[in-house]
Amino acid sequence: MIVIETALGIAQACAESSRPLGLVPTMGALHDGHLALVKRARQENQTVVATIFVNPTQFGPQEDLAAYPRDRERDLGLFRQQGVDLVFTPAVDEIYPPGFDTWVDVGALGDRLEGARRPGHFRGVATVVTKLFTLARPDRAYFGQKDGQQLAVIRRLTRDLNLGLEIVAVPTVRDPDGLAQSSRNAYLTPSQREAAPVVYRALRRAEELWNNGVIDAGQLRAEVKAVLEAEPLVESIDYVSVAGGESLEELDQLPRSGQIRAMVSVAVMMGRTRLIDNVILE
Ligand code: AMP
């Protein structure tokens, strides 16, 4: 495994690597969710490139950029175990050199849900992901369903900008009690950690109603909200969304048939920790 810190270095190494090449972007602090992406990439490609970059432009001024967990040596060890070929670990200046001022603006899709609570977040995500794509020129890139809106944004920008690679979605990896794995789970106190599976329980309630024939999105939102509100350690609910298709616009009714899928997604605060999760109804 080769670790590369410069943009020129990763571009050259990728250009010389055998194809197909699969890219797995991460912010490090690796858990089994990240490793599921790497495993899938390893199965499907000749070369696997992983990146570790805590991207400052996707954090708001009041967010946890400074506190975000970092453990480079542990992360590199885990990537090595999984048979990653190249790891790109750039410094901030390498991605955003002085004078950097070109941005990928994802439009309305980036303004709803997470984007409404985290202004500029998806502009930061879209910009760094586009840069990683243009440096590595991957044939495939791997993203988690856990960040469902991020996945939709990346699919959209790949199509809109004709980037010509395949975006592969990997199912959410959960702890045995249902909590979606996340680097930010490390912020939870023991009692918050114990209460946190309520998020997935609430989403499962929506799935159950849907399986029983409920197609009124308002009813699904209300029932998901009721499950979350019953947990005293849920300090506030940022949103409960039942959104459709690729645009993630809120639905009134779920389609009973056809191609359109719905994503039920929630964001809640548990103390100072923000938890997001989603399920797909299809
Ligand atoms: P992050 O390091 O949080 O930016 O995540 C890097 C990639 O891992 C993103 O594509 C995430 O969607 C994905 N990911 C994070 N958590 C999970 C999980 N629990 N299951 C599957 N993928 C995940």
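Miscellaneous remarks
- Filter pass, Val104 being part of a loop (DSSP other than H, G, I, E, B) and under 20 Å from the mean Cα position of the chain (by Cα): yes
- Meets criteria (out of contact with any His (no Cβ under 7 Å at 6 or more places or on another chain), modelled with pLDDT of 95 or more and closer than 22 Å to Glu246 by Cβ) for Leu109: yes
- Where helices (runs of 4 or more DSSP H) sit wholly within region 142-230, those with at least 3 residues that are within 14 Å of the ligand (Cβ to nearest atom), within 19 Å of the chain's Cα centre (by Cα) and surrounded by 19 or more Cβ atoms within 10 Å (Cβ to Cβ) occupy 148-160, 198-211.
- Among the residues of region 229-244, those that are touching a helix residue (DSSP H, G or I) at 6+ places or on another chain (Cβ under 9 Å) and either charged (D, E, K, R) or at pLDDT below 95 (or both) comprise Glu231, Asp238, Gly244.
- Hey, Val125 modelled with pLDDT of 95 or more, under 24 Å from Thr273 (Cβ atoms) and in contact with a Lys or Arg (Cβ under 6 Å, 6 or more places away or on another chain) or not: no
- Residues (farther than 30 Å from Thr189 by Cα, part of a strand (DSSP E or B) and not charged (D, E, K, R)) located in region 236-282: Ala243, Gly244, Gln253, Ala262, Leu281
- Filtered by the rule that a residue be small (Gly, Ala, Ser) and near the ligand (Cβ under 10 Å from one of its atoms), region 128-141 gives a lone residue, Ala141.
- Checklist (1) buried (at least 18 other Cβ atoms within 10 Å of the Cβ); (2) touching a residue at least 60 places away in the same chain (Cβ under 8 Å); (3) not polar (S, T, N, Q) applied to Val106, failing item: (2)
- Checking Val49 against (1) more than 14 Å from the ligand (Cβ to nearest atom); (2) in contact with a strand residue (DSSP E or B) (Cβ under 6 Å, 6 or more places away or on another chain); (3) under 28 Å from Asp160 (Cβ atoms); (4) not polar (S, T, N, Q), the condition it does not meet: (1)
- Meets criteria (farther than 17 Å from Gln219 by Cα and surrounded by 13 or more Cβ atoms within 10 Å (Cβ to Cβ)) for Leu275: yes
- Residues (surrounded by fewer than 14 Cβ atoms within 10 Å (Cβ to Cβ) and in a helix (DSSP H, G or I)) located in region 109-136: Ala116, Thr134
- Applying a threshold of 7 Å to beta carbon distances and a minimum spacing of six or more residues, or different chains, the list of pairs starting in region 137-159 at a residue that is small (Gly, Ala, Ser) and ending at one that is assigned to a loop (DSSP other than H, G, I, E, B) and more than 9 Å from the ligand (Cβ to nearest atom) reads Ala141/Leu165; Ala152/Glu246; Ala152/Leu248.
The values are calculated or read from the model by the stated rules, or taken from the named source; none is laboratory data. Values in this document were obtained by computation on a predicted structure and should not be read as measured data. A quick note on method: Cβ atoms are made from the backbone with ideal geometry, for glycine too, and the neighbour counts reach across all protein chains shown.
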